[in-house]
1. For the range 261-306, how many residues are modelled with pLDDT under 85 and either among the acidic types (Asp, Glu) or touching an Asp or Glu at 6+ places or on another chain (Cβ under 7 Å) (or both)?
2. When you check Gly280 against the structure, is it surrounded by fewer than 20 Cβ atoms within 10 Å (Cβ to Cβ) and either at positive phi or not hydrophobic (A, V, I, L, M, F, W, C) (or both), yes or no?
3. So which residues in the range 300-323 are more than 22 Å from Met31 (Cα to Cα), aliphatic (A, V, I, L, M) and exposed (fewer than 15 other Cβ atoms within 10 Å of the Cβ), if there are any at all?
4. Of the numbered conditions (1) under 26 Å from the mean Cα position of the chain (by Cα); (2) assigned to a helix (DSSP H, G or I); (3) over 30 Å from Val317 (Cα atoms); (4) at pLDDT below 85, Ser149 fails exactly one; give the number of that condition.
5. Let me spell it out: the conditions are (1) open to solvent by less than 10 Å² (accessible area, probe 1.4 Å); (2) farther than 30 Å from Gln492 by Cα, and Ile247 meets all of them except one. Which number is the exception?
6. Tell me which of these Ser406 doesn't satisfy, since it passes every other one: (1) at pLDDT 85 or above; (2) open to solvent by 40 Å² or more (accessible area, probe 1.4 Å); (3) within 20 Å of the chain's Cα centre (by Cα).
7. May I ask you to say which residue of Ala337, Ala359, Ala308 is part of a helix (DSSP H, G or I), touching a Leu at 6+ places or on another chain (Cβ under 9 Å) and among the small types (Gly, Ala, Ser)?
8. Counting just the residues of the range 428-442 that are open to solvent by less than 50 Å² (accessible area, probe 1.4 Å) and under 21 Å from Arg461 (Cα atoms), which one comes out modelled with the highest pLDDT?
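The values are calculated or read from the model by the stated rules, or taken from the named source; none is laboratory data. As the structure is a prediction and not an experimental result, all values here were calculated from the model. Methodologically, a virtual Cβ is constructed for each residue, glycine included, from the backbone with ideal geometry; neighbour enumeration extends over all protein chains shown. The protein model used for the area step is the full one, side chains on, heavy atoms only, and it has no ligands, DNA or RNA in it. Shrake-Rupley method; radii C 1.70, N 1.55, O 1.52, S 1.80 Å.
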Amino acid sequence: MTFFESLIALLLMAVVLLQVSRRTWIPYPTMLAAAGVIVALVPGTPAIGLDGHTALALFIAPVLLDAAFDFPVTAIRKFWRPLFALAVVAVLLTTAVVAWIGWAFAGLPVAAAVTLGAIVAPPDAAAATTVLRSAALPRRTVQVLTGESLLNDASALLLFGAAVAIQSHGGIDGGVALRLGLAVPGGIALGLAFGWLYCFILPFTRGSLGGNLLEFLSTFAAWIVAERLGLSAVLCVVALAMSLASIPSLQLDARNRIQSFAVWGIAVFSLNVLAFLLMGMQVRHILGSMTPERLREAAGFAGLVVAAVIVTRMLWVLIYNRLALRFVALRGGIAPASLGQGIVVGWCGMRGLVTLATALALPQDFPQRDLILLSAFAVVLATLVLQGLTLAPLIRLLRLPGGEDSQRELAYARRALADVALAAVADPPGRVADETRRQLEIDRQSLEDGADCTEFDERQRLKLTAITIQRQHLRAMRDDDRIGEESFELLQEELDWRTLAAGPEGRRPIEEG
């Protein structure tokens, strides 16, 4: 099979597995990674390699930008203490524990041992966000885990870069120290600069498919330029996304926003699917370079690393959870997290593509590179399978009120929006104003628990009936060549928006899978 044929076969297999995942409690990252391993071990299956640097730019940068664009800056200010505890302290502790294991049990040089620790320390953004979407968790827990997934890669990749540089140079010199010192502020500044440049270009591309393409190209460009300059590529992309989300002049109109969100949704989902599949398929490359004796030794060491990664995170999160309950300064003005929330946060530490890609990016002559690669892969697979499979049952066991909170939040927000809409048209006199107010009052009444929605349901039924007839007539005009294809597509889109506004489909999100 050619590469293209292999890719098509993999994606078709992924579609089938995604349908299974939708109907079970197994998160799709877990299922796809395990499937990739199985496929890779089948004799005759073509090998598909994965370059570490390319994988980070291609698969991680869009996921980071997509998540950071929707993540409010106020949440970082509000939860900066728990975010610091997870994105910095947890990464440093995990790195230290794994580095000690590498030095004590595998004889790795200190810098190489720290490199291994930095590789396996950060939970993965793609794995975290995809698993969290399928789990009903309190909003605060989701915000903390999402914020951690945006920031912990920066801590780990900075440690990784420093350790590799020290191992390669035999120590820290002035150049290495200067580059590490500039990595964080330089990455943030570069991301803001890309945001400013995007503001300048946007008026020329707004409302076009080229504009959607530019969104992806600017994301990849920001990551690549930051990486080439030795800056934090993660913080560069996060700063770019948050600057774009907060600039009023960049706010999209409804038509462009629907298009942009649809494009980003399918693109990021497709990249996630492909990334988890390819990640599992690297098992042949990793195991193929080892003798049976070396593999047995490395497997035992990898088991120690897996246990250290899981236990260190869980212990630190529970310790911080109890300390924050006792000392207000550790949590700020927010209410303390429950023990159940702490257990879920500690268990939600799936590793993914960042861990494997950084391991694959190691120089070929790096000390015991095969051992580090196998350990990284073992951590990824073990956490995705063990923690990914047990996360949903754990949440149900702890009875965290995620789903109910979400429904209450939606109901509250809809009532609030209906109230401000009524207030906005309260004053104007006249027949049109009276009709508009009556329509809004019917909408508001339908949101009350136990309310009689007869008028609302009848209006929706009549609207959908009229739209159905319009749609049939529109197709007839197109088929009779009374209107062209361009006019047909524009009017069809307008009818689609009216259908979403009038019918229950407008309140039902498209599911992953």
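1. Count: 2.
2. no
3. Result: Val311, Leu315, Ile319, Leu323.
4. With (1) under 26 Å from the mean Cα position of the chain (by Cα); (2) assigned to a helix (DSSP H, G or I); (3) over 30 Å from Val317 (Cα atoms); (4) at pLDDT below 85 applied to Ser149, the lone miss is (3).
5. For Ile247, the failing item is (1).
6. So the condition that Ser406 fails would be (1).
7. Criteria check complete, one pass: Ala359.
8. Taking the range 428-442 as the starting set, the residues that turn out to be open to solvent by less than 50 Å² (accessible area, probe 1.4 Å) are 430, 433, 437, 440, 442.
Those still in the list that are under 21 Å from Arg461 (Cα atoms) too: 437, 440, 442.
Numbers: Arg437: 84, Leu440: 81, Ile442: 80.
Among those residues, the one meeting the criterion is Arg437.
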